[in-house]
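Notes follow the structure.
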Amino acid sequence: MSETFGGRSFVVAFYALIVAITGVVGAVLGVAGPDDLTPVTLLGLVELQPTPLGLAVYGMVTVGLALGVPLALVVVVSKRADAERPGENP
C-alpha cells in the first residue's frame, strides 16, 4: 500500500482541524461574548476564567477528549484487527 494522504492520516488530520477550529471559536467567544459569563470548570478539576485563552483551552480539551478517546480506541482496534487477519503479514 502506498503512503498517501488517506485513511488514518486523513482522520487524524481532520480531528486536529476540528480541535483547532474549536480553539479559535472559544477565543472569539472570549473576545466578543457577553460580559457576564461565569467561569467554567475543566474536567471538574481546574476553573478557567471566561477569557479568550480560558475558553479556547476549555473547548479544545473537551472536544479533543470527546473525539480523541473514541478515535484512539478505533485506531487500536483496527490495528489489532489488521494484525489478526489469517494469511496476511502485519
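The values are calculated or read from the model by the stated rules, or taken from the named source; none is laboratory data. This one's a predicted model, so the numbers in the text were calculated from it and none came from an experiment. Cβ atoms come from the backbone with ideal geometry, glycine included; neighbour counts cover every protein chain shown.
Quick notes on this structure:
- For the range 21-55, the set of residues classified as polar (S, T, N, Q) and outside any loop (DSSP other than H, G, I, E, B) consists of Thr22, Thr41, listed by residue number.
- Some residue of the range 45-55 being touching a strand residue (DSSP E or B) at 6+ places or on another chain (Cβ under 6 Å) and surrounded by 14 or more Cβ atoms within 10 Å (Cβ to Cβ): yes
- Qualifying residue in the range 3-14 (condition: touching a Pro at 6+ places or on another chain (Cβ under 6 Å) and modelled with pLDDT of 90 or more): no
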